[in-house]
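Worksheet: one structure, shown below.
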Amino acid sequence: MKILHVTCSPRGEASESYRLSKNIIGFLLKAHPAATVIERVVGGDALSPIDEPYAISQQASADVTETGSIARSEALIEELHNADMLVIGTPMHNFTVPSTLKLWIDHIARVRRTFNVGAQGKTSLLQDRPVYVAVSSGGRFSGMTPRQPDFLTPYLTAVLGMIGLQDVNFFSVEGTAMGPEAVAAARDKAGQALQAHFSAHDTGEANDPSNQKLLTP
Ligand SMILES: Cc1cc2nc3c(=O)[nH]c(=O)nc-3n(C[C@H](O)[C@H](O)[C@H](O)COP(=O)(O)O)c2cc1C
């Protein structure tokens, strides 16, 4: 059992999204004590932007080279392919994912490798597996009174779905800019949502669709 842990905050291990994603991994390890965790930090300059041969390969009928971005993409896809579960820790940046996480997505969402394009549109090539996304944001983006648009959760749902990952579960710590009390309350709420989600999985209630796709404002 392998858990791939992808993180992208510029604040590294001090970040709120990293903290929340580690909590998720804690729950997963409780259920699967023998699992190994593969850390994939994509923040900072861990990944270079995709190069020209890669861009050309997305329009051509075959990859033109196995070096540069295509080689990097191949390694990252292999890492994802070999993982039984995916945990992503991400802050919200300008209503969506940070550019560093987007760059990882540009490497793993590759035509003829993780999805195909045909008469029916795009079809996925990866097998489904559980995905857990830990989101941290300065303001609130979900709940009854969101203060801003949310392009992060619909975007990740769509792009991961395109490559075959349909079982995407979001958890969030929102309002980190609102002071220590708000952060403590948001952490508490996220903890309760995690507890509810994973105990529902333990008891089988997770098969009820109303218990899935949790988000904690
Ligand atoms: C470039 C940038 C853009 C941001 N954009 C948003 C935003 O659109 N909405 C929001 O609520 N917070 C925004 N924030 C605040 C972060 O989401 C917030 O500080 C979050 O807690 C950071 O999480 P981290 O500790 O995991 O990096 C932004 C921060 C940065 C650096």
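The values are calculated or read from the model by the stated rules, or taken from the named source; none is laboratory data. This structure is a prediction, so every number in the text was calculated from the model and none was measured. Reconstructed Cβ throughout: ideal geometry from the backbone, glycine too, with neighbour counts over all protein chains shown. Keep in mind that these areas ignore ligands, DNA and RNA; they rest on the heavy atoms of the full protein, side chains included. Shrake-Rupley method; radii C 1.70, N 1.55, O 1.52, S 1.80 Å.
Flag set for F27, criterion: more than 16 Å from the ligand (Cβ to nearest atom), of a type in the set (F, W, Y), under 28 Å from P180 (Cβ atoms) and in contact (Cβ under 8 Å) with a residue 40 or more places away in the chain. How about the range 116-147: which of its residues are closer than 19 Å to S17 by Cβ, open to solvent by less than 60 Å² (accessible area, probe 1.4 Å) and of a type outside the set (G, A, S)? Matches in the range 116-147: P130, V131, Y132, V133, V135, F141.
The set of residues in the range 104-142 that are among the small types (G, A, S), closer than 17 Å to Q59 by Cα and more than 15 Å from the chain's Cα centre (by Cα) comprises G118, A119, G121. Only residues that are open to solvent by 70 Å² or more (accessible area, probe 1.4 Å), among the aliphatic types (A, V, I, L, M) and outside any helix (DSSP H, G or I) were counted across the range 5-45, and they come to 2. If a residue must be open to solvent by less than 50 Å² (accessible area, probe 1.4 Å) and touching a residue at least 60 places away in the same chain (Cβ under 8 Å), how many such residues does the range 53-91 contain? Residues in the range 53-91 being open to solvent by less than 50 Å² (accessible area, probe 1.4 Å) and touching a residue at least 60 places away in the same chain (Cβ under 8 Å): 10 in total.
Taking the criterion of being open to solvent by 10 Å² or more (accessible area, probe 1.4 Å), touching a Pro at 6+ places or on another chain (Cβ under 8 Å) and within 9 Å of the ligand (Cβ to nearest atom), the only residue of the range 92-115 that qualifies is F95.
Right, T203: modelled with pLDDT under 95, β-branched (V, I, T) and either open to solvent by 40 Å² or more (accessible area, probe 1.4 Å) or within 20 Å of the chain's Cα centre (by Cα) (or both) or not?
On the way: modelled with pLDDT under 95: yes; β-branched (V, I, T): yes; either open to solvent by 40 Å² or more (accessible area, probe 1.4 Å) or within 20 Å of the chain's Cα centre (by Cα) (or both): yes.
Spelling it out, T203 is indeed modelled with pLDDT under 95, β-branched (V, I, T) and either open to solvent by 40 Å² or more (accessible area, probe 1.4 Å) or within 20 Å of the chain's Cα centre (by Cα) (or both).
With the requirement that a residue be near the ligand (Cβ under 10 Å from one of its atoms), touching a residue at least 24 places away in the same chain (Cβ under 8 Å), out of contact with any helix residue (DSSP H, G or I) (no Cβ under 8 Å at 6 or more places or on another chain) and not aromatic (F, W, Y), what does the range 147-177 give you? Result: Q148, P149, D150, L152, A177.
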